[in-house]
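The structure appears right after this line, and notes come after that.
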Amino acid sequence: MPKLKTHKGAAKRFRSTASGRFKRGHSHCRHILTKKSSKRRRHLDIDTYVSPADEGAIRQMLPYGS
């Protein structure tokens, strides 16, 4: 069976954890930050897990964990 290709766009956005789940960052925290509150910016900085409904699609795009 041939090697599977990693989806490079997904590899830049998601990281796998030791338990096999995937972590992701939040959007809206790159620029135009002055109008956003400190609390909002602080909460956007914390990574979160990908929802279970999307995990299957990401697992296909990242066959080797990444």
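The values are calculated or read from the model by the stated rules, or taken from the named source; none is laboratory data. In this text the structure is predicted, and so the values were computed from the model without any measurement. Virtual Cβ from ideal backbone geometry, glycine too; neighbours counted across all protein chains shown. Surface accessibility is based on the protein's heavy atoms, side chains included, excluding ligands, DNA and RNA. Shrake-Rupley method; radii C 1.70, N 1.55, O 1.52, S 1.80 Å.
Entry remark, region 1-27: residues being open to solvent by 100 Å² or more (accessible area, probe 1.4 Å), of a type outside the set (A, V, I, L, M) and assigned to a loop (DSSP other than H, G, I, E, B) number 3 in total. Note on region 53-66: among residues that are part of a helix (DSSP H, G or I) and closer than 13 Å to ARG24 by Cβ, the one that is most open to solvent (accessible area, probe 1.4 Å) is ASP54.
Taken over region 43-52, the criterion of being over 30 Å from MET1 (Cβ atoms), surrounded by 11 or more Cβ atoms within 10 Å (Cβ to Cβ) and hydrophobic (A, V, I, L, M, F, W, C) is satisfied by LEU44 alone. Exactly one residue among ARG30, ARG40 is more than 12 Å from ALA10 (Cα to Cα), open to solvent by 90 Å² or more (accessible area, probe 1.4 Å) and not in a loop (DSSP other than H, G, I, E, B), and that residue is ARG40.
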